[in-house]
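Asks: Below you'll find the structure I mean.
The values are calculated or read from the model by the stated rules, or taken from the named source; none is laboratory data. The structure displayed is predicted, hence computed values, not measured ones. Positions of Cβ are backbone-derived with ideal geometry, glycine not excepted, and every protein chain shown enters the neighbour counts. Note: areas computed on protein heavy atoms with side chains; ligands, DNA, RNA excluded. Shrake-Rupley method; radii C 1.70, N 1.55, O 1.52, S 1.80 Å.
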Amino acid sequence: MASKNLLLLAGDGIGPEAMAEVKKLIVAMNDKLGSGFITDEGLVGGCAYDAHGAAISDADMAKAMAADAVLFGAVGGPKWDAVPYEVRPEAGLLRLRKDMELFANLRPAICYPALAASSSLKQDVVEGLDILIVRELTGGVYFGEPKQIIDLGNGQKRGIDTQVYDTFEIERISGVAFELARTRRNHVTSMEKRNVMKTGVLWNEVVTQTHKARYADVKLDHMLADAGGMQLVRWPKQFDVIVTDNLFGDMLSDIAAMLTGSIGMLPSASLGAPDARTKKRKALFEPVHGSAPDIAGKGIANPIAMIASFAMCMRYSFGMVAEADRLESAIAAVLDQGLRTRDILSDGMTEVGTTEMGDAIIAKFLG
Ligand SMILES: NC(=O)c1ccc[n+]([C@@H]2O[C@H](COP(=O)([O-])OP(=O)(O)OC[C@H]3O[C@@H](n4cnc5c(N)ncnc54)[C@H](O)[C@@H]3O)[C@@H](O)[C@H]2O)c1
Ligand SMILES: CC(C)[C@H](C(=O)O)[C@@H](O)C(=O)O
Ligand SMILES: [Mg+2]
């Protein structure tokens with residue numbers, strides 16, 4: 001049996017609360033189904049800074065590089081607002097993405113039937129929604145140089161971030177989007193801002209060329225990213241796969257999160273290129289949400305995004321497609337039963353905390 005070494009990086013705020021539910025699930029799967037997961041743990045984010053002055057230590061980084069997959073909770077919080085920029089909690093996540101070369105971030109936004117009526121959007125707008133945002137994750141303005149604040153010496157400062165994309169980066173992320181579209185509804189919408197950005201012009205050009213050369217069977221549309229945001233809330237069901245850069249993908253996926261009822265619902269997978277010899281991809285799975293300092297420690301966080309991220313882990317890292325499908329069905333069934341954490345609560349439903357929600361999903365999954 002192929003190894004299943006998981007590194008758990010729970011992080012800060014609600015990260016450990018959500019991760020606790022996945023840990024219970026892993027223990028139950030090992031005990032009852034003989035799934036054979038081997039777990040190790042490490043520190044990332046503010047807790048890592050507190051322990052050793054860095055947002056992730058070299059030792060934990062080495063563990064992440066060696067693991068078959070990394071499960072990540074969330075990082076950040078007001079406690080670390082004043083720490084130096086280079087070691088702020090979020091730097092740990094960015095280092096993991098960059099050093100592991102996780103260029104492809106898959107963010108599916110699925111509206112579970114039971115939540116269609118509780119969205120802030122009209123029911124018919126979100127009912128049956130199943131879209132996938134493919135976000136480029138190791139380039140763009142997140143990593144481009146120079147990135148600095150310079151003193152102009154006249155009482156003024158200048159903040160500089162640099163958006164950079166090379167052909168190969170756009171080619172490989174659009175390849176991922178086209179491949180995934182072929183397994184879905186065969187439609188890709190590429191979003192950039194070619195009307196104001198040179199990287200947008202190149203993005204559009206390379207996606208068009210990649211399509212023509214290798215994926216002409218897939219329907220391709222181009223949309224300016226601001227209009228894309230508007231279309232996502234106007235009529236999201238027009239989309240199948242959206243491919244976009246690092247920053248637009250960050251923003252568009254938070255918008256998409258609300259289509260599903262709550263940001264507490266959205267999982268994600270961050271994947272590297274397959275290794276030439278072993279064909280295995282480096283991979284990290286994390287909820288789209290952050291550490292939610294406003295609700296941390298109260299036991300009310302929604303663990304579904306974290307649990308659904310583990311479903312993606314089983315599907316993409318271990319080929320456990322049946323188990324992943326069953327876990328997603330268990331989430332849907334528990335929502336059908338009327339159980340709701342506070343973020344997705346609506347009239348007539350039963351409010352439960354993080355632990356009860358996790359327990360109910362695990363029981364349904366095993367049942
Ligand atoms: N991947 C990550 O680790 C990640 C992602 C986004 C933000 N952050 C960090 O998290 C901190 C807080 O950021 P923010 O407040 O902008 O975003 P956030 O996602 O943490 O919270 C936004 C809102 O959504 C709610 N929310 C988020 N997840 C929830 C869940 N699972 N269940 C119920 N409600 C949930 C929060 O209570 C809050 O009201 C910042 O330090 C930020 O940098 C980390
Ligand atoms: C925490 C932060 C670095 C991160 C990002 O901006 O990518 C987060 O917002 C996300 O969506 O994963
Ligand atoms: Mg984000």
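Asks: Scanning for something within 16 Å of ligand 1 (Cβ to nearest atom), of a type outside the set (A, V, I, L, M) and in contact with a Leu (Cβ under 9 Å, 6 or more places away or on another chain), does the stretch 323-343 turn up at least one residue?
Replies: Initial filter on the stretch 323-343 (within 16 Å of ligand 1 (Cβ to nearest atom)): 331, 334-335, 339-343.
The next check asks that each one be of a type outside the set (A, V, I, L, M); those that pass are 340-343.
Now drop any that are not in contact with a Leu (Cβ under 9 Å, 6 or more places away or on another chain), which leaves 340.
There is at least one residue in the stretch 323-343 that is within 16 Å of ligand 1 (Cβ to nearest atom), of a type outside the set (A, V, I, L, M) and in contact with a Leu (Cβ under 9 Å, 6 or more places away or on another chain).
Asks: Have a look at D151, D124, D161 and point out the one that is in contact with a Gly (Cβ under 9 Å, 6 or more places away or on another chain) and either outside the structural domain of D240 (by the TED database) or without any contact (Cβ under 8 Å) to a residue 24 or more places away in the chain (or both).
Replies: That would be D161, the only listed residue that is in contact with a Gly (Cβ under 9 Å, 6 or more places away or on another chain) and either outside the structural domain of D240 (by the TED database) or without any contact (Cβ under 8 Å) to a residue 24 or more places away in the chain (or both).
Asks: Hey, any hits in the stretch 49-64 for a residue that's within 16 Å of ligand 3 (Cβ to nearest atom), of a type in the set (D, E) and either over 30 Å from W235 (Cβ atoms) or assigned to a loop (DSSP other than H, G, I, E, B) (or both)?
Replies: no
Asks: Restricting the stretch 66-83 to residues that are open to solvent by 70 Å² or more (accessible area, probe 1.4 Å) and in contact (Cβ under 8 Å) with a residue 24 or more places away in the chain, which is nearest to E41 (Cα to Cα)?
Replies: A66
Asks: Could you figure out which of (1) open to solvent by 60 Å² or more (accessible area, probe 1.4 Å); (2) farther than 24 Å from G264 by Cα isn't true of E41?
Replies: Answer for E41: the failing condition is (2).
Asks: Restricting to the stretch 250-265, count the residues that are within 8 Å of ligand 2 (Cβ to nearest atom) and in contact with a helix residue (DSSP H, G or I) (Cβ under 9 Å, 6 or more places away or on another chain).
Replies: 2
Asks: Against the definition (among the β-branched types (V, I, T) and either touching a Leu at 6+ places or on another chain (Cβ under 9 Å) or open to solvent by 50 Å² or more (accessible area, probe 1.4 Å) (or both)), how does T199 come out, yes or no? Before you say what the answer is, go through the steps one by one.
Replies: Working: among the β-branched types (V, I, T): yes; either touching a Leu at 6+ places or on another chain (Cβ under 9 Å) or open to solvent by 50 Å² or more (accessible area, probe 1.4 Å) (or both): no.
Criteria not met by T199.
Asks: With surrounded by 14 or more Cβ atoms within 10 Å (Cβ to Cβ), out of contact with any helix residue (DSSP H, G or I) (no Cβ under 7 Å at 6 or more places or on another chain), among the acidic types (D, E) and over 19 Å from F318 (Cα atoms) as the only criterion, which of E86, E90, E21 stands out?
Replies: Numbers: E86 fails: surrounded by 14 or more Cβ atoms within 10 Å (Cβ to Cβ); E21 fails: out of contact with any helix residue (DSSP H, G or I) (no Cβ under 7 Å at 6 or more places or on another chain).
The match here is E90.
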